[in-house]
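Okay, structure first, notes after.
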Amino acid sequence: MTEKHPSKQWLTVGFETKNQIRLFIGERSKTQFDSGCKMFDLFLKDPFRFDEISFKNFYTGYLTIKVKEKYSNSDNEWRIILKRFKLMPDVHGESGANQTFHFSKDMFLDQELDNISQLRFILQQPSCNWKDFGIDDIKLKAVNMDQSIEALFYEWSKRSDKIKMKSFEKLPPVQMLSTRLQSLWLLCNEATKQTANKTEDNPRFDIDGSYDVNLLSTNQP
Amino acid sequence: MDLTNPLLNTQSYYEFLKNVQEIASNSADISLINMNDVLINRIKNSTSSRKITNLIFSGLESSSNDEKNSLSGSYLTKAQTQWEKKLVKSFNLICTELNIPLAKKRSIVEGQELKRIWNELGTNVSDMKKFRPIFTTSELLEHILMLKCSNFSDLALSSTTGLINVPISIKSFAELKRQYERISLDFFQSGLDENLNSVIEQEKHKNGVKVVEINDVVLSKEFSKTGCTRSLRSKLWSQILNVDIGNLDAVYYNYLKQCVFEFDFLIDSIYYKDVKTKAVNDDQLFVFEDLLYQVLLMFARDTHVLKCFEQKSIQPPKAFIKLKNSSDLKYHQVIYPPNGFIPFDGFSMLVAPICYVYSDPMLLYFIFRKIFITHFYKLSIISSDPQSIVGLCALFENFLQSKDPKLFFQLRKMDMQPIRIAFKWIIRAFSGYLQSAQLLELWDRILAFNSLEILPIFAAGIFLYRRQSLMSVPNKLHVESILDDLKSVKVVTILQLVFA
């Protein structure tokens, strides 16, 4: 579920949130029935975009997320970006109940996420096994679009007259090129295979022949 | 879930690649465009490609099991950590009481002596009285019964009548019936007495010979679901587990043997005691005493076993040592025992029945190791995996209650919790309680269906089978004596009874 962007930088997006409230059917004081439904809103200070949401689940079964844009007219609507997403494969059981989830932009139904001012999380837990449910530790992340130093330098060097890129005038015949490249490719392949297998399959249990163990412990002396 | 990368470094892949290269260089009708299709067609049914498909299938199975249950609930991980700390304490206590180091290097003379008596290790055992097991199965049961989920609602808690009140998602009866469909009366099961020497049994044997020749994991599994015929059992088990001994494995086996000669562990004595008190006293398993010592001593030194723990985020017990012959004053961390596994009393009984199937010590060792890292390690860990011992206990109680609530209620009236009897059966996978031939039938099904769930189902089946006697009994001592002797029990008939 996580997309790795080694070359991009992440910004965390700040927000305010109100308490998670349970939803009821009918008059609040009269009903005893637990609808198993909770809702809360996130308010972004400045309207911003985001590319990733992560949170830690606490026994929530299904999650729905809606977003609202800032520059709203009077007929502004909530758009659904995640509809009843199953967080726990079996709502009566333990799996997925305490798991950390990451949602990236391409998992959402509606991927236009610029100028968002408000998010609404709707949590559902249909099972009667649990006392309480919710989600904790919500984080919003956005990719940093500012240009890095390398990109700026490249742009500048393209336009500058002092730095010239070398161009090949005469190429050697294709056959020769391909044989050279093939042996190079084989070498690179072998090299990556060697480095990929960094951890030993069956490591030795002793250290340089010493293995005098006197006590088991959990902390370093 | 990356299946291809680990494959690239194996011997099977190297042979497969050589095969493909041979075909490519010998075929005249290959061009750049159709190379992929032509090569795939030609290599499809060869042995080398079969080995690759077997590896991928086994990798797929083990990784799908891991993914589903990779993150257990926080109270379960806490319980597992608590249990691990308890084991470490108990082990340290034994060590300080007896004043024997946990591990030390053997003298050269001692190592040579051990090498000499390697095939009769039973004679090496001296005074075993002072050793005691690090933990007993009843201690583990008590720890499991204390598990409590703080978020579990009171309503749900009060509706459980069994002892396990942990909400692990277990399969329903309908799901299990579907999963174990091949055990039903509709299919011919080999190994029942009345079937021996019958025409159908012989035909099944002929089919079995063909299945063994093809050497495909999936096919061997499907065939074994209705039981392995006795003569084919060893080949079928090694195909199902995808264990193939190569030169590298033989070298590793000898390395482990050398480790036994070089280092002396306290845990060796614990294993010795376990074999002497449990396996040797069993009239069906005492013959394998020497083999058991060999397997268990090498098993304790095998770091390959650590792999099954790291995927489950279980911490093996650690120790800190100073290097002997160097000026390095730092403390280095090592894992003790090297395989990271602390055995319970009766653990040697999980090895003994396999000796009936394999006589070659090397093949026996690798088969046992594979069965351990695929199935048996789950029998002593606490996690949300429905096949861990907690899940198996929950399945047993749920199954018995839903199948026969009257019987369950009757037992509860006598202040008897069925799980207390069934626990010792399940944790030893019924080894030592059943006739060996019947036990192997049960273990065929564990391997073929790739799940330990058959153990609690069979345990519930025994209760159902002895229902009449259990219902008419006045108190719980009689219950225990009725369920004490399982030597006359036939596995397949009881399983068919349960799923009928």
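Structure notes:
For every residue, the table says whether it meets (1) aromatic (Phe, Trp, Tyr); (2) surrounded by 15 or more Cβ atoms within 10 Å (Cβ to Cβ); (3) at pLDDT below 85.
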{"position": "B:LEU7", "(1), (2), (3)": "no, yes, yes"}
{"position": "B:LYS18", "(1), (2), (3)": "no, no, no"}
{"position": "B:GLN21", "(1), (2), (3)": "no, no, no"}
{"position": "B:ILE33", "(1), (2), (3)": "no, no, yes"}
{"position": "B:VAL38", "(1), (2), (3)": "no, yes, yes"}
{"position": "B:ILE52", "(1), (2), (3)": "no, yes, no"}
{"position": "B:PHE57", "(1), (2), (3)": "yes, yes, no"}
{"position": "B:ILE94", "(1), (2), (3)": "no, yes, no"}
{"position": "B:GLU97", "(1), (2), (3)": "no, no, no"}
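- Residue in segment A:30-50 that is of a type in the set (D, E, K, R), modelled with pLDDT under 80 and surrounded by 15 or more Cβ atoms within 10 Å (Cβ to Cβ) present: yes
- Residue within segment A:124-142 that is crowded, with 18+ Cβ neighbours inside 10 Å, away from chain B (no Cβ under 14 Å) and over 16 Å from the mean Cα position of the chain (by Cα) present: yes
- Residue within segment B:330-353 that is more than 8 Å from chain A (Cβ to nearest Cβ), hydrophobic (A, V, I, L, M, F, W, C) and farther than 30 Å from A:ASN214 by Cα present: yes
- Looking at segment B:236-337, the helices (runs of 4 or more DSSP H) lying wholly inside it that each contain 1 or more residues that are within 19 Å of the chain's Cα centre (by Cα) and among the polar types (S, T, N, Q) sit at B:289-300.
- Scanning segment B:385-411 for residues that are of a type in the set (Lys, Arg) and over 12 Å from B:LEU470 (Cβ atoms) returns a single hit, B:LYS403.
- Of all the listed residues (B:ILE183, B:ILE267), the sole one being surrounded by 12 or more Cβ atoms within 10 Å (Cβ to Cβ), of a type outside the set (S, T, N, Q) and in contact with a Pro (Cβ under 6 Å, 6 or more places away or on another chain) is B:ILE267.
- Checking every residue in segment A:79-96 against the condition of being modelled with pLDDT of 85 or more, surrounded by fewer than 21 Cβ atoms within 10 Å (Cβ to Cβ), farther than 29 Å from B:ILE170 by Cα and not β-branched (Val, Ile, Thr) gives at least one match.
- The one condition in (1) within 14 Å of chain A (Cβ to nearest Cβ); (2) in contact with a Gly (Cβ under 8 Å, 6 or more places away or on another chain) that B:GLN417 fails to fulfil: (1)
- Helices (runs of 4 or more DSSP H) fully within segment B:374-482 counting 2 or more residues that are of a type in the set (D, E, K, R), in contact with a Leu (Cβ under 9 Å, 6 or more places away or on another chain) and under 25 Å from B:LEU350 (Cβ atoms): B:418-427, B:436-449
- Tally, over segment B:104-143, of residues that are surrounded by fewer than 15 Cβ atoms within 10 Å (Cβ to Cβ) and either of a type in the set (S, T, N, Q) or part of a helix (DSSP H, G or I) (or both): 16
- Qualifying residue in segment B:128-151 (condition: more than 25 Å from B:LYS403 (Cα to Cα), within 11 Å of chain A (Cβ to nearest Cβ) and without any contact (Cβ under 8 Å) to a residue 12 or more places away in the chain): yes
- Subset tally (residues that are closer than 18 Å to B:THR374 by Cβ and assigned to a loop (DSSP other than H, G, I, E, B)) for segment B:224-235: 2
The values are calculated or read from the model by the stated rules, or taken from the named source; none is laboratory data. For clarity, every value in this text was computed on a predicted model and none was experimentally measured. Cβ coordinates were reconstructed from backbone atoms using ideal geometry, including for glycine residues, and neighbour counts include every protein chain displayed.
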